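In what follows, a structure is listed as structure tokens, so that the remarks can point back to it.
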Amino acid sequence: MSANALAIQSYAGLDDADAEARILAAKEKLGERLVILGHHYQREEVFRHADFSGDSLKLSRQAAASKAEYIVFCGVHFMAEVADVLSRPDQISIIPDMAAGCSMADMANLANVERAWRELAEVLEPDEQITPVTYINSAADLKAFCGRHGGIVCTSTNARHVLEWSFSQREKVLFFPDQHLGRNTGFTMDIPLEEMVVWDFDQPLGGLTPEQIKNARMILWKGFCSVHQMFQPEQIDNFKQRYPETQIISHPESPFEVCQKSDYVGSTEYIINTIRDAEPNTRWLVGTELNLVNRLHEQFKHEGKNVHFMSPTVCMCSTMFRIDPQHLAWTLENLVEGKVVNRVSVDESDAEQGRLALQRMLEVSP
Ligand code: 13P
Ligand code: SF4
């Protein structure tokens, strides 16, 4: 057992109120040397300690702009990697629990993306005909892959701008790992469904024929978010039978049929802003992660806004949920002692090539 693991054990029994007091005291001591970034899916007991909150794009910009010595990312692992890549070399990116990954990001890895690229070369000239686009929910080496192959990163906020740029470079796009974000965005750009094919990374040639690949404009990786795939169009129909006036808003990681039935589709930040700016006494059915929907419900109920979660079953991002007040207290108190725990560090060559793809994204973002 490592020294870190031994140390964290003594925090496991802390109740939330004690952890909160210790977090506040450590923040006070660290002052401007520390910035805490919090994604909207974080549980309330952690979220309230964030100096800045946002969606993936906003938090990437915040990480790039931060002057703090320590960037503690209350989110998932790929977000802390982006913070490391975009911050100065002397800044340190930290995640309170290394096990806070993203199951969707894990659905694509460098070996199977490079294999796809090689197999696509049997049919096309990928480096001339295909722009690789990785959703920010991916490991740093996939961002580096996009950087060295003329590709780019996207988030749910800028996916359309990124795709417009990508098609201005090359005629086709290989989009990974989230097929839904790719399909939902491509469809809003008038790309017909039959020109968006799914690449099954467990099959030779992605399970496609050479003709299907030649005719496709978008090749969508067979990845998905296990939280958002729980949302179903029937849930919208059932809810609207009871409350026909309901407005539907979904994250674009949701299935195509759900987004088609939604009045609004966009990132977590977009969802928050849309409900915030809505008329009082409106009703909303929201297709995104439960902690955010619960927060929206609490935040806007005094305006008579009724905010409901789309699925009848609980679907939380279980990896985001790993960041708890106990891990945050442990992380910060170690920093007070001058000890860095859970540093997230991207190797320099991946960082350099990944930065290229991220900078392209930041340049084309609205
Ligand atoms: P946002 O960029 O919209 O916050 O999405 C991040 C994410 O992981 C959603 O599942
Ligand atoms: Fe990944 Fe889905 Fe969690 Fe977002 S909600 S971090 S895509 S597993």
Does any residue of segment 95-107 turn out to be in contact with a Phe, Trp or Tyr (Cβ under 9 Å, 6 or more places away or on another chain) and either closer than 16 Å to R355 by Cα or more than 16 Å from ligand 2 (Cβ to nearest atom) (or both)?
-> no
Going by the structure shown, is L30 more than 18 Å from the chain's Cα centre (by Cα) and open to solvent by less than 30 Å² (accessible area, probe 1.4 Å)?
-> yes
Just checking, which of V162, V153 is out of contact with any Phe, Trp or Tyr (no Cβ under 7 Å at 6 or more places or on another chain) and either part of a helix (DSSP H, G or I) or modelled with pLDDT under 95 (or both)?
-> V162
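Residue by residue, here is whether (1) within 16 Å of ligand 1 (Cβ to nearest atom); (2) assigned to a helix (DSSP H, G or I); (3) touching a residue at least 12 places away in the same chain (Cβ under 8 Å); (4) touching a Lys or Arg at 6+ places or on another chain (Cβ under 9 Å) holds:
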{"site": "L181", "(1), (2), (3), (4)": "yes, yes, yes, no"}
{"site": "D190", "(1), (2), (3), (4)": "no, no, no, no"}
{"site": "L205", "(1), (2), (3), (4)": "no, yes, yes, no"}
{"site": "Q212", "(1), (2), (3), (4)": "no, yes, yes, no"}
{"site": "I236", "(1), (2), (3), (4)": "no, yes, yes, yes"}
For residues in segment 92-109 being in contact with a strand residue (DSSP E or B) (Cβ under 6 Å, 6 or more places away or on another chain) and within 30 Å of G207 (Cα to Cα), which is most open to solvent (accessible area, probe 1.4 Å)?
-> M107
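Matching residues to (1) modelled with pLDDT of 95 or more; (2) of a type in the set (K, R):
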residue	(1), (2)
A3	no, no
D15	yes, no
K29	yes, yes
V35	yes, no
Q42	yes, no
A50	yes, no
K67	yes, yes
F78	yes, no
E81	yes, no
Residues of segment 215-244 being open to solvent by 60 Å² or more (accessible area, probe 1.4 Å) and either more than 24 Å from the chain's Cα centre (by Cα) or more than 16 Å from ligand 2 (Cβ to nearest atom) (or both), which ones?
-> N215, R217, Q232, E234, D237, N238, K240, Q241, R242, Y243, P244
Some residue of segment 277-284 being part of a loop (DSSP other than H, G, I, E, B), aliphatic (A, V, I, L, M) and crowded, with 16+ Cβ neighbours inside 10 Å | yes
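Residue-wise test of (1) surrounded by 24 or more Cβ atoms within 10 Å (Cβ to Cβ); (2) assigned to a strand (DSSP E or B).
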position: A111; (1), (2): no, no
position: W117; (1), (2): no, no
position: L124; (1), (2): no, no
position: F145; (1), (2): yes, no
position: L174; (1), (2): yes, yes
Residues being away from ligand 2 (no atom under 16 Å from the Cβ), in contact (Cβ under 8 Å) with a residue 40 or more places away in the chain and out of contact with any strand residue (DSSP E or B) (no Cβ under 7 Å at 6 or more places or on another chain): count how many of those fall in segment 31-46.
-> 2
Which residues, taken from segment 302-348, are without any contact (Cβ under 8 Å) to a residue 40 or more places away in the chain, acidic (D, E) and not in a loop (DSSP other than H, G, I, E, B)?
-> E303, E348
Residue set T288, T331, T268; condition modelled with pLDDT of 95 or more, under 24 Å from S93 (Cα atoms), within 16 Å of ligand 2 (Cβ to nearest atom) and of a type in the set (S, T, N, Q); output residue T268
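The values are calculated or read from the model by the stated rules, or taken from the named source; none is laboratory data. Computed from a prediction, not measured in an experiment: that's the story for all the values here. With ideal geometry, Cβ positions are generated from the backbone for all residues, glycine too; neighbour counts draw on all protein chains shown. Remember, those area values only see protein heavy atoms, side chains included, never the ligands or the DNA or RNA. Shrake-Rupley method; radii C 1.70, N 1.55, O 1.52, S 1.80 Å.
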